[in-house]
Amino acid sequence: MGRKRKSGDGTVRLRKDGRWEGRVVIGYDDKGLPKTKNVLAKTKTECEEKLNALKNTITPPTPAKVKADMPFGAWAEHWYETHSKSAIRPSTQRYYEGIIRLYVKPKLGHIPLNKLTANDLQQLYTWLKTEARLEQGDGNGGLSDSQVRGCHSFCSRALEQAVKEGLIPQNPAAGCKFPSVQRKEMQVLSREEMQRLLIQAKYEGYYEVFLLELATGLRLGELMALQWEDLNFTTGELRVNKQVTRTKDGLVVSEPKTKAAVRTVILPPPVLDALKEYRKTVDSRWLFPSPKIDDQPMSPGNISHKLQKILRNADCKHVRFHDLRHVFATNALKHGMDIKTLSTVIGHVSSATTLNVYSHVTDEMKQKAAVTIDRGIGKAEPQSIQQAVPQKTMTDFQPAKDKRRKNNTGCLMQRSENRWEGRYRMVMPDGTKKYRCVSARTEEECEAKLAELIATARAEMAAQKERLKAEARAS
C-alpha cells in the first residue's frame, strides 16, 4: 500500500485512461466547498513533479482588508488566523476550521459584518440543531447541544473582537438563546465488570493499558504519552507532563491540557509490579508503543476502538474511554479519598470542578455517613458497606476468544487431536524474513511455548537492529 500523502500535499491517482492525475486544493468557496486545480502526466513521478510545480505557483490568499462592511465569513477567518490560531491546540484548530468551513461561511459568510443580527445567528443555531447533519449528508437531524454552543462561542468571540476594534457597536451574539448543555448520566462499571474488562484485556494483550487507567484516571492522551523515564519503579511515582493528540499531520506530543494537568501520581504496589513485568517485554521508550510504527506511541483513537471491542467481548455495558476516568474517581471517593486530593490526582484546575462533576458521589457518601451516625446514636452496631451489600470478589468469567489474533502474536493451529502448532514470522531489520515454529500436546502449552519463542525472536531482532546501527555509525 502506498504512503499516505500529508494534508496540503494534494492527491495523486491513476485514471482509467492510464494517465496520472494530481489535484490540490487552492481554497474554499462561499459555501465551504473546496476549489481545486489539477495536472495530468504519463507517469506517477512526472505527475508529482508537475503537482509540486503547480503548488509553487499558487499565491497564498492575501490577508482580508478589515472594514465594517466586510463579509462575516471573511472576518471570521481573519479573527481565527490573527487572534486565535496561535493560542489554541491543534485539535481546537481543526474544530474551529470546521466551524468556519461547514457552518459559518455557507450560512452567514455573505452577510456584511456590520449588518449581521442576532436573528441571523439565531437562525444558524436553529439550523444546526435541527437540520445540519441531514443537509450535509452526514446522518439525520442536527448537531448536539454542546456542538451548537461551541459554534455560538466561536461566533461570539469573533464578534467581540470586532466590537473592540470599533467595527460594530455591539456584539449581536450576546442576545442569542442557545441550548443549555444537559449533563449526561455518568456511566461507570461495576466491580465485576471491571474484573471482566481486565480479564478480556489481558487475553487481547492490552491488560497494562486498562489496569493503569483504572488505577490513575489519566486522560487518554496523557496515558498514551507516557514514557518509561516518567516512571520511578523505586518510589512508584508516575510523572504526567505531556499528551498525545492527532492532527492532520499525524500524532503530536505536546504539553498537557492545563498547568494543573502537570502532576505526579503514586501507583499502587500491585500495579507497579505488573508494570515491572510488562517492562521486560517492551523494546521502546514509550510505555505503550505503536505495534506498526517504530518509535511512536499507540494512537488514542485506536485504543478507544479497542476498548469497545473488549467491552463487547467481556459483556460489559458501553462506556467511553473517558468514562474509565470517572470509574477511577468514583472508586477513589468511595474508598475515602478527599475531594482536594482527587482533584490533584486527576489534574482538575480546582477542587470546585471535581466537586461539581462528582457531586452525586459525595451526596451518596453524605447519606451513608448520616445512616452510620444515626446507628451510632441508637447504639446499634454500624453495618459496613461490604456487609450490607455483599459483593463478589472474583468472577468466573472466561475471556471471549477472537478468531483473529493480535498483531505480532503469531498464529496457532490444531494439527491433530493431540498436536498444536504455533508459528511466528520474523521480519528482520535488514529486510529478511524468517519463520519459527513450536508444537505441543495442548493449546495452553503451545501458547506458552509460542510466547517464549516470540520473546526470543524479538530479542534477536533488537540485537540485529543495534548491530546495524553500530555498523552505520562506524561507516
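The values are calculated or read from the model by the stated rules, or taken from the named source; none is laboratory data. Source: prediction; values computed, not measured. Every residue, glycine as well, gets a Cβ built from its backbone with ideal geometry; the counts of neighbours run over all protein chains shown.
For (1) touching a strand residue (DSSP E or B) at 6+ places or on another chain (Cβ under 9 Å); (2) among the acidic types (Asp, Glu), each residue gets a yes or a no:
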{"position": "SER190", "(1), (2)": "no, no"}
{"position": "GLU193", "(1), (2)": "no, yes"}
{"position": "ARG196", "(1), (2)": "no, no"}
{"position": "GLU208", "(1), (2)": "no, yes"}
{"position": "LEU212", "(1), (2)": "yes, no"}
{"position": "THR216", "(1), (2)": "yes, no"}
{"position": "ALA225", "(1), (2)": "yes, no"}
{"position": "ARG239", "(1), (2)": "yes, no"}
{"position": "LYS248", "(1), (2)": "no, no"}
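Of the residues VAL319, VAL327, which single one is assigned to a helix (DSSP H, G or I) and either in contact with a helix residue (DSSP H, G or I) (Cβ under 9 Å, 6 or more places away or on another chain) or surrounded by 15 or more Cβ atoms within 10 Å (Cβ to Cβ) (or both)? Testing whether each residue is assigned to a helix (DSSP H, G or I) and either in contact with a helix residue (DSSP H, G or I) (Cβ under 9 Å, 6 or more places away or on another chain) or surrounded by 15 or more Cβ atoms within 10 Å (Cβ to Cβ) (or both) leaves just VAL327.
Scanning the range 416-456 for residues that are in contact with a helix residue (DSSP H, G or I) (Cβ under 6 Å, 6 or more places away or on another chain) and among the charged types (D, E, K, R) gives a single hit, ARG436.
Within the range 180-194, is there a residue that is more than 30 Å from ALA314 (Cα to Cα), in contact with a helix residue (DSSP H, G or I) (Cβ under 6 Å, 6 or more places away or on another chain) and either aliphatic (A, V, I, L, M) or in the same structural domain as ILE99 (by TED's automatic domain parsing) (or both)? So far as the range 180-194 goes, yes, one or more of its residues are more than 30 Å from ALA314 (Cα to Cα), in contact with a helix residue (DSSP H, G or I) (Cβ under 6 Å, 6 or more places away or on another chain) and either aliphatic (A, V, I, L, M) or in the same structural domain as ILE99 (by TED's automatic domain parsing) (or both). Any chance the range 124-139 includes a residue that's in a helix (DSSP H, G or I), closer than 17 Å to ALA174 by Cβ and either at pLDDT 90 or above or within 25 Å of the chain's Cα centre (by Cα) (or both)? Yes: the range 124-139 contains one or more residues that are in a helix (DSSP H, G or I), closer than 17 Å to ALA174 by Cβ and either at pLDDT 90 or above or within 25 Å of the chain's Cα centre (by Cα) (or both).
For the range 266-295, taking the residues that are assigned to a helix (DSSP H, G or I) and of a type in the set (Lys, Arg), the one that is surrounded by the most Cβ atoms within 10 Å (Cβ to Cβ) is identified as ARG279.
Within the range 71-86, is there a residue that is modelled with pLDDT under 85 and more than 25 Å from ILE111 (Cβ to Cβ)? Within the range 71-86 (the criterion being modelled with pLDDT under 85 and more than 25 Å from ILE111 (Cβ to Cβ)), the answer is yes, since at least one residue qualifies.
One line per residue, one yes/no per condition, for (1) at positive phi; (2) outside any strand (DSSP E or B); (3) at pLDDT below 85; (4) touching a Ser or Thr at 6+ places or on another chain (Cβ under 7 Å):
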residue: ARG405; (1), (2), (3), (4): no, yes, yes, no
residue: ASN408; (1), (2), (3), (4): yes, yes, yes, no
residue: GLN414; (1), (2), (3), (4): no, no, yes, no
residue: GLU421; (1), (2), (3), (4): no, no, no, yes
residue: ARG425; (1), (2), (3), (4): no, no, no, no
residue: ASP430; (1), (2), (3), (4): no, yes, yes, no
residue: LYS434; (1), (2), (3), (4): no, no, no, no
residue: GLU445; (1), (2), (3), (4): no, yes, no, no
residue: LYS449; (1), (2), (3), (4): no, yes, no, no
